[in-house]
Amino acid sequence: MKKMLLEYINIFAYALTGLVFGFSFFLLFLNFYHYKELSTKVDVSSEVVVNEQKTKEKLETIKTNINSYQQNSYQGRNNIYDMNSIQIKLNNCVKAFESDDYKELTSKQTVELSDVYKLGKFYQNNILNDCVVMQLNTFIDEDNSFNIESLKNIRPFIKTTINEQLSSNGYITSSLENADNYYFTNDISKSSIFFLAKDSYNSINTNYQNTLDLLVELSNWYHNEVIGG
């Protein structure tokens, strides 16, 4: 009787071990195929050309406007410390768009979800946080802003635009993070991953261009202050 019980225990132990190994293989199998889904390549070569051209033109406009101010020759009514500070802040934003990291992320001809996620995180950290929040947010602070009369006319526009941009990126990166689920590869899921990558890529690049548009507007205002202030 005891011997028979031991045999049943051994059989149960072997069966349980087999189930554990089988389940582990199942998870490994799912991970492998999900990795293949997440590695779906998306051709964005045409978007790269358009975005590079837009970015180049806007940066040229911004830098031309910024460099129209020279402290030694400025004879306007505005405080030179304010004018110097604005020039520095706008230049700091330009540096983010001219960085090697930005160029590397935006020059890829094909992307997968991980590339799009990195593009979104760079926008969050280097453009939204370092440029929009740390540099441009100063323009809407009435208590600590620059003592330039015309700034009050464009402050509502700046504030609205900044608020829109601060809320535009979080949903996109969250959607990309939530794509990390377990399921078998099929045509539907592969198609979903493709369109998620494509749509997110275009949305993030729209955010970049919107920030550049804001910088163009601010630099135009700054240039007008230089020549007429």
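The values are calculated or read from the model by the stated rules, or taken from the named source; none is laboratory data. Please read all numbers here as calculations on a predicted model, not as lab measurements. Ideal geometry is used to build each Cβ from the backbone, glycine not excepted, and the neighbour counts take in all protein chains shown. Calculation scope for accessible area: heavy atoms of the full protein, side chains included, ligands and nucleic acids excluded. Shrake-Rupley method; radii C 1.70, N 1.55, O 1.52, S 1.80 Å.
Residues that are of a type in the set (A, V, I, L, M), open to solvent by less than 80 Å² (accessible area, probe 1.4 Å), touching a residue at least 60 places away in the same chain (Cβ under 8 Å) and in a helix (DSSP H, G or I) do not occur anywhere in region 159-173.
Test Ser191 against the criterion of being open to solvent by less than 70 Å² (accessible area, probe 1.4 Å) and modelled with pLDDT of 90 or more, and give yes or no.
Details: open to solvent by less than 70 Å² (accessible area, probe 1.4 Å): yes; modelled with pLDDT of 90 or more: no.
Here the answer is no, as Ser191 does not meet what is asked.
Would a scan of region 195-213 turn up a residue that is open to solvent by 70 Å² or more (accessible area, probe 1.4 Å), modelled with pLDDT under 90 and either hydroxyl-bearing (Ser, Thr, Tyr) or within 21 Å of the chain's Cα centre (by Cα) (or both)? Yes, some residue in region 195-213 is open to solvent by 70 Å² or more (accessible area, probe 1.4 Å), modelled with pLDDT under 90 and either hydroxyl-bearing (Ser, Thr, Tyr) or within 21 Å of the chain's Cα centre (by Cα) (or both).
Among the residues of region 135-160, those that are under 20 Å from Gly228 (Cβ atoms), polar (S, T, N, Q) and modelled with pLDDT under 90 comprise Ser145, Asn147.
Please verify whether Leu151 is of a type in the set (A, V, I, L, M, F, W, C) and more than 28 Å from Phe195 (Cα to Cα), treating the condition exactly as stated. Explain how you work it out, then say what you get.
On the way: of a type in the set (A, V, I, L, M, F, W, C): yes; more than 28 Å from Phe195 (Cα to Cα): yes.
Yes: the conditions hold for Leu151.
Which of the following residues is within 21 Å of Asp213 (Cα to Cα), out of contact with any helix residue (DSSP H, G or I) (no Cβ under 7 Å at 6 or more places or on another chain) and either at pLDDT 95 or above or open to solvent by 30 Å² or more (accessible area, probe 1.4 Å) (or both): Gln87, Gln70, Gln75, Gln53? The match here is Gln53. Of the residues screened, Glu60 is one that is of a type in the set (Asp, Glu), at pLDDT 90 or above and either surrounded by fewer than 11 Cβ atoms within 10 Å (Cβ to Cβ) or out of contact with any strand residue (DSSP E or B) (no Cβ under 7 Å at 6 or more places or on another chain) (or both).
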